[in-house]
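The values are calculated or read from the model by the stated rules, or taken from the named source; none is laboratory data. What you see is a predicted model, and the numbers here were worked out from it, not measured in a lab. Because the Cβ atoms are built from the backbone with ideal geometry, glycine has one as well, and the counts that use them run over all protein chains shown. For accessibility, only protein heavy atoms count, side chains too; no ligands or nucleic acids. Shrake-Rupley method; radii C 1.70, N 1.55, O 1.52, S 1.80 Å.
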Amino acid sequence: MIKKLQTGINQRKVRVFLIFLICSLAAWLVSRLSQTYTHTVDFKLEYSNAPEGLIMMEEPPEQIGVRLRANGFQLLGYQLSPKKVRINLDDAEVNNRGYYISPQSYRDQIEGQLRQGIGLLQIPADTIFMNFQQLQNKTVPVKVPASLDFAQNYMLDGPLVVEPGQIHLLGPPAEIDTITEVHTEPLNISDIKEDFQLELTLWESVVLEHTQFSQDRIRVSGTVFRFSETVVEVPVEVINLPEGIEIQTFPGVVGVLCKGRITGLKELRAGKFRLVADYSAPESETGRLMLELIEKPTGVYETQLLEASVEFIIKRD
């Protein structure tokens, strides 16, 4: 019993001693942190209010080391959580090297954002230069890289509808001067049997890092119909014949495979087509005359010549 009592007393003494030691250390630490020190700390720089109509092409320094006079609590706080300082670019000046913020200007701005009781002793003597460029407007067309696979006997009625068909760019000349068009993400659809409408995202090239787009999504739609086919026999017309020469082509009539709506195909006549062979430009290896369909009626959406070229003989009296 006596032994257990002595053990309990000793444990209480140890706890009392530890409490005394912790309190002493805390008092010493508070005393030390309450004193004034000089120390260099890093501040993060945030820039605002760029001159109107200009854009910053390169990021200026993101942090700066400053020497401060402050108590230990304040310095410890800056070490644990670096302070963010706003640099107002309204104070920027211009010389032959461009826009800049003088050391005195950003010193005044930093000093104005310090807590009461903190003294700013020293900052770097470097001028902060900024690479600004004048913004320009430009309007360019939107192109849709499309891969459309239609179901059998289906096709697109006219071109794709792209809305808007052009967009406005706002950026530095170095980026947009050479831009002649912008592209959406690829449009890939298979087994198409009906009308479609989708929204596509514009692909913003890495070279347009500082350029703004009037919008970033484009609507693309298409009207699809089921087509029929028919073959129209069209006579061959020879052009660029020298004066006094007549020729006969073989064959003299060539089939043209036409695709379109049934109602339109029913009214097709050979006279609504013009199929020509250019006498002045024969095929180099065979001497045959290449065929070109240069006219077709509006009801035909797609054509295919069943013969690519024709032979000929010169007719003599």
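Where only DSSP H runs of four or more residues are counted, the chain gives -5500 deg cm²/dmol as its mean residue ellipticity at 222 nm, each run worth -39500 (n - 2.57). Using a probe radius of 1.4 angstrom, the carbon and sulfur fraction of the accessible surface of the chain is 49%. For the chain, the normalised intensity computed at q = 0.07 Å⁻¹ comes to -0.66 (log10 of I(q)/I(0), Debye sum over alpha carbons, equal scatterers, no solvent).
Dipole of the chain computed with +1 at Lys/Arg Cβ and -1 at Asp/Glu Cβ about the Cα centre; of ILE247, ILE110, HIS168, farthest Cα towards the positive end is ILE110. The 3J(HN,Hα) values that the Karplus relation (6.51, -1.76, 1.60; θ = phi - 60°) gives for segment 80-95 are, in residue order, 6, 9, x, 6, 9, 10, 8, 10, 7, 7, 4, 8, 5, 10, 10, 9 Hz. Gly and Pro appear as x.
In segment 209-317, taking the dipole from charged Cβ atoms about the Cα centre, the farthest positive-side position among GLN304, GLN212, LEU289 is held by GLN212.
For segment 201-271, what class follows from the C-alpha gyration tensor (a ≥ b ≥ c being the square roots of its eigenvalues): rounded when a/c is under 1.5, otherwise prolate if a/b is larger than b/c, else oblate? It comes out oblate by the Cα gyration axes.
Remark: segment 180-245 carries a charge dipole of roughly 200 debye about the Cα centre, counting +1 on each Lys and Arg Cβ and -1 on each Asp and Glu Cβ.
State in Å² the accessible area per residue of the chain; use a 1.4 Å probe, count heavy atoms of protein chains only, and round to the nearest integer.
Values: 20490 Å² over 317 residues.
Per residue, the chain has 65 Å² of solvent-accessible surface.
About the Cα centre of the chain, what is the dipole size in debye to 20, counting +1 per Lys and Arg Cβ and -1 per Asp and Glu Cβ, all else neutral? Mind showing how you got there, number by number?
Numbers: 31 positive and 41 negative charges, 736 e Å.
That gives a dipole near 3540 debye.
The longest part of the chain holding none of the exposed loop GluC sites (Glu not before Pro), meaning those outside H, G, I, E and B in DSSP with at most 16 other Cβ atoms within 10 Å, is 63-180.
For segment 85-154, just say rounded, prolate or oblate: build the C-alpha gyration tensor, square-root its eigenvalues into a ≥ b ≥ c, call rounded for a/c under 1.5, and beyond that prolate if a/b exceeds b/c, oblate if not. Kindly include the intermediate steps, with their values, before the conclusion.
On the way: a/c = 5.46, a/b = 2.86, b/c = 1.91.
Prolate.
Where in segment 163-229 are there trypsin sites (Lys or Arg not before Pro) that are in a DSSP coil and have at most 16 other Cβ atoms within 10 angstrom of their Cβ? Mind showing how you got there, number by number?
Values: sites: LYS193, ARG217, ARG219, ARG226; in loops: LYS193.
Qualifying residues, ordered by number: LYS193.
Rounded to whole numbers, the Karplus 3J(HN,Hα) couplings from phi for segment 116-130 are 4, x, 9, x, 8, 9, 7, 10, x, 8, 7, 6, 8, 8, 10 Hz, using 6.51 cos²θ - 1.76 cosθ + 1.60 with θ = phi - 60°, and x at Gly and Pro. Label point of LYS315 set 7 angstrom out along Cα-Cβ; within segment 261-277, amide nitrogens under 19 Å from it belong to 275-277.
In whole angstrom, note down how far apart the Cα centers of segment 226-273 and segment 79-103 are. Between the Cα centres of segment 226-273 and segment 79-103 lies a distance of 74 Å. Taking amide H as placed 1.01 Å from N in the peptide plane, SER309 has its amide H under 5 Å from the amide H of LEU291, each at least 5 places away in sequence or on another chain. Calculated FRET efficiency, ARG261 to ASN240, Cβ-Cβ distance, R0 = 45 Å: about 0.80 to the nearest 0.05.
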